[in-house]
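The values are calculated or read from the model by the stated rules, or taken from the named source; none is laboratory data. Small disclaimer: the values here were computed from a predicted structure and weren't measured. Counting neighbours? That spans all protein chains shown, and the Cβs are built from the backbone with ideal geometry, glycine included. The area values use the complete protein model at the heavy-atom level, side chains included, leaving out ligands, DNA and RNA. Shrake-Rupley method; radii C 1.70, N 1.55, O 1.52, S 1.80 Å.
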Amino acid sequence: MTSDAHAAAPSEREEGAAPRARAVALTDPTDERRRERKRERRSRRYRWDVKWSPYALIAPFFLFFIAFGLFPLLYTGWASLHRVELGTPTDMEWVGLRNFSRLIDDEFFWNALRNTFTIGLISTVPQLLMALGLAHLLNYRLRGSMFFRVAILTPYATSVAAATLVFVLMFSRTDHGMINWALGLVGIDAVDWQNGDWTAQLAVSSIVIWRWTGYNALIYLAAMQAIPNDLYESAALDGASRWQQFLHVTIPSLRPTILFTCVVSTIGATQLFGEPLLFSQGASPTGGSDHQFQTLGLYLYEQGWFNQHLGRSSAIAWTMFLILVLIGLVNWAISRRIRKSA
């Protein structure tokens, strides 16, 4: 028994030593340092991923903006200080602010600016009023409300060329035009829409109204649905009619949204180009025989691509940009005043 126990003892010690040897091997300092370095690299990659991956995700936008937004803007500003022609864009002659000063004495520039203002006014005001009324109607529970919401957005999805060509046929100066045909039913003579001053601007404005009313109506509708129902319930308990609720609850709650749509519509009116270009005969950039509906966008196009004065057209482009900056500053001042009053 004793000899057997003594014989078994070494084997047990050997069996117990094997796990300890393996533990020592597992806790080898070299392997431990290797694993520590691996954990550090993994932790470093994780920190880099958390820190830099958002920038990598938004980098494509900034790359495209620099290539197609910032660079053309800066190059246009540089070209506006030179005399440069379309045929020789690399041959530049420094003229300083001469291209800008010439605009002050250019009657066609002031005519285009005046037309841009009047077309923008007679298209933006009715457009936003109609959009507000449509949104108010859609805000109530109607059967097939989703159909009406999609239907009023359809003109926005229609291309400018298709919409303008249809309106050209409608405003045809012959008796075959739908508008003149309707006027003839009530005893009014046919109107030469394209060659009149105000008639041409009204026709171009109607295209803008038709295309953008539904878009603004959906914006107003989204803002109306965010108004708490408690306000309407309180107004109803005070005896307010639906019209009074609209004036004293809906309109004040929509002031920031109305301001936003006014600014966006004004910016769009300043950049108006496709509608007046396609409305004129032969897609002429002159905006009619007497420039009666030539906008700043058309005048820029005429100077740069027809008269081939890239420097002068660049000055017009930067003038439009400065006008938009001024509109943005006015928007900021008004919105700041609204926030203070609220």
Pulled fully out, how much extra length does the chain show between residue 244 and residue 61, if you take 0.36 nm times their separation in residues and subtract their Cα-Cα distance? 61.3 nm
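Let's test the formula: R0 of 30 Å, r as the Cβ-Cβ distance of residue 51 and residue 332. What FRET efficiency results, to the nearest 0.05?
Details: r = 33 Å, r/R0 = 1.09.
Calculated transfer efficiency: 0.35.
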Going residue by residue through the range 100-111, the Karplus relation 6.51 cos²θ - 1.76 cosθ + 1.60 with θ = phi - 60° gives ³J(HN,Hα) values, rounded to whole Hz and with x marking Gly or Pro, of 6, 5, 5, 5, 5, 9, 8, 5, 5, 5, 5, 5
Which of the chymotrypsin sites (Phe, Trp or Tyr not before Pro) across the range 89-142 are loop residues per DSSP, with 12 or fewer other Cβ within 10 Å? 140
Average Cα contact separation per residue, the chain, under 8 Å, 6 or more apart, as relative contact order %: 24 percent
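Could you tell me what percent of the accessible area of the range 38-116 is made up of carbon and sulfur, with a 1.4 Å probe and every protein chain present?
Numbers: 4240 of 6260 Å².
Of all accessible area on the range 38-116, carbon and sulfur atoms account for 68 percent.
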Using a 1.4 Å probe on heavy atoms of the protein chains only, the accessible area for residue 334 in Å², nearest 10, reads 80 Å²
With semi-axes √(5λ) of the Cα gyration tensor in Å defined as stated, name the option among (1) 35, 22, 17; (2) 30, 25, 19; (3) 66, 35, 20 computed from the structure displayed. (3)
If you take the square roots of the eigenvalues of the alpha-carbon gyration tensor of the range 139-184 and sort them as a ≥ b ≥ c, do you get rounded (a/c under 1.5), prolate (a/b over b/c) or oblate? oblate
Can you compute the helix-only [θ] at 222 nm over the chain? Use -39500 (n - 2.57) per DSSP H run of at least 4 residues, normalise by all residues, nearest 500 deg cm²/dmol. -23500 deg cm²/dmol
According to a simple spin-label model (label point 7 Å from Cα along Cα-to-Cβ), what is the distance in nm between residue 44 and residue 226? 4.6 nm
Using modelled backbone amide H atoms (1.01 Å from N, in-plane), which distant-in-sequence or interchain residues come within less than 5 Å of residue 83's amide H? 93, 94, 95
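Report the FRET efficiency, 1/(1 + (r/R0)^6), for residue 157 and residue 104, where r is their Cβ-Cβ distance and R0 is 51 Å, rounded to 0.05. Kindly include the intermediate steps, with their values, before the conclusion.
Numbers: r = 41 Å, r/R0 = 0.80.
Efficiency, from the Cβ-Cβ distance: 0.80.
Could you grab the relative contact order for the range 94-236? Cα pairs under 8 Å, six or more apart, rounded to a whole percent. Don't skip to the answer; put the middle values down first.
On the way: 114 pairs, mean separation 49.7, N = 143.
It comes to 35 percent, rounded to a whole number.
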Average accessible surface area per residue within the range 130-238, 1.4 Å rolling probe, Å²: 60 Å²
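State to the nearest 20 debye the size of the charge dipole of the chain about its Cα centre, where the only charges are +1 on K and R beta carbons and -1 on D and E beta carbons. Write down the numbers at each step before the final one.
Numbers: 31 positive and 26 negative charges, 302 e Å.
My answer is approximately 1440 debye.
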